[in-house]
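A quick write-up on the structure given underneath.
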Amino acid sequence: MSAILSLRDVWVEYGDRIVIEKLNLEIADRAFVSVIGPSGAGKSTFLRLILGQEAPTRGSIRLDDVPLKPECGPDRGVVFQRYSVFPHLSALRNTMLGIECAQAPFSARLFGAARRAARDEAAAMLHSVGLADSMHLYPAQMSGGMQQRLAIAQALVKRPRILLLDEPFGALDPGIRADMHTLIKSLWRDYALTIIMVTHDIREAFTLGTRVLALDKRRHDPHAPHRFGATAVYDLPLRNRIDVAADDITASDIATILEARA
Ligand SMILES: Nc1ncnc2c1ncn2[C@@H]1O[C@H](COP(=O)(O)OP(=O)(O)OP(=O)(O)O)[C@@H](O)[C@H]1O
Ligand SMILES: [Mg+2]
C-alpha cells in the first residue's frame, strides 16, 4: 500500500482546548475515506489540516512523504456543504476561476490562448459533472444539486489528486443524493482520486467509502470537558472497491459498526 497522506502524532489545540489528540493515520493513494463522528468532534478541523489551511499544534503531516506545506496547494481540492461557488459568476466562469487560481495565483486572470484553453477545460469538466447544458446559468438559477455539481467541477478542474468533501450532499434531497453518489463514484474512478469525505449519514459513509474512520473523544471527563481531544476511535476497511457494486456490502458492514458503537 502506498500512502499518499501520513499523519504522525497530530494534535490541534486552541488555547487550552484540545480538539484533536494524538492522531496517527496513513491514507492510501486512491482510497475513499468516509469520516464520521459527533458534531464538534473535529471532522472539519481534520479536513482543514489536510487542506493546509491550518497547521497542527504538534505532530507532522506528510503528502507523498514530503512535509505538507501550510498552504492550499493545487493537489488538494475541497467541496463544502454549500456556498462554495460565487453567486455573481456563471457556472463556466466559476469553473474557470478554479484554473485561474491554480495557474496564476497573483494575477488571477488569464488571457488569449491560455484563457481559451482554460475555457475548454472548464467546459469539459462541467460536462463530466453533468452540467453541459447549464454552463451559462448563475448559481441562483440552479438547484442545490446542480450547485454541488458546480462546486465539484470547480474543485476538480485544478486536477487535484486529493478531493476533500465536507458533508457535500447534506443539504440535498434523497433522490438527488443518490445521483450525486453515482457521480462521485465515477469521478473517483475516472480521475484516480483519493477522497476524504465527512458525512453525518452512516449509510452514505458505508456505501461510498473504502474505509470508514470515526473521530471522537476516547475519554469524557465531566470536570474538564475540553481537556481531551478527538482521535480515530475506529477505523474500518471496507470491501468497497472501484469494481464492486456498493450495494453488495452495506448491510453487513453497517451492522458491524452499529454493534461496535453499542
Ligand atoms: N479557530 C478555532 N478556535 C477555537 N475553537 C475552534 C476553532 N475551530 C474549531 N474550533 C472548535 O473545535 C471543535 C471541532 O470543530 P469542527 O468544526 O472541526 O467540528 P466538526 O466535527 O466538523 O463538527 P460538525 O459535525 O458540527 O461540522 C469545536 O468544538 C469548535 O468549536
Ligand atoms: Mg464540520
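Just so you know, all these numbers are worked out from the coordinates, no wet-lab data involved. Please read these numbers as outputs of a predicted model, since none were measured by experiment. Neighbour counts run over all protein chains shown; Cβ positions are idealised from the backbone, glycine included.
As a size descriptor, the averaged projected area of the C-alpha convex hull of the range 77-159 was calculated at 5.0 nm².
Need one word for the range 54-210: rounded, prolate or oblate. Basis is the Cα gyration tensor (sqrt eigenvalues a ≥ b ≥ c); a/c below 1.5 gives rounded, then a/b vs b/c decides. Judged from the Cα gyration tensor, the range 54-210 comes out oblate (a/c at least 1.5, b/c at or above a/b).
Cβ-Cβ distance of L236 and S186, R₀ of 25 Å, FRET efficiency by 1/(1 + (r/R0)^6): the value works out to about 0.55.
Rounded to the nearest whole Hz, the Karplus-based 3J(HN,Hα) values (6.51 cos²θ - 1.76 cosθ + 1.60, θ = phi - 60°) of the range 34-40 follow the sequence 8, 10, 10, x, x, 4, x, with x at glycine and proline. A simple count of charges around I184, restricted to other residues whose Cβ falls under 12 Å of its Cβ and scoring Lys, Arg +1 and Asp, Glu -1, yields +1.
Relative contact order, percent, of the range 77-159 when contacts are C-alpha pairs under 8 Å separated by at least 6 residues? Relative CO of the range 77-159 lands at 49 percent. Against the longest principal axis of the chain, how steep is helix 144-156, in degrees 0 to 90 to the nearest 10, with axes from Cα atoms? For 144-156 against the chain, the angle is about 90 degrees. Between the helical axis of 174-190 and the longest alpha-carbon principal axis of the chain there is an angle of about 80 degrees. Give the angle, between 0 and 90 degrees and rounded to the nearest 10, that separates the Cα long axis of helix 250-261 from the longest principal axis of the Cα atoms of the chain. Computed tilt is about 40 degrees. Evaluating kT/(6 pi eta Rh) at 25 °C and 0.890 mPa s, with the Kirkwood radius of the chain over Cα pairs in the Stokes-Einstein relation, gives 127 µm² s⁻¹.
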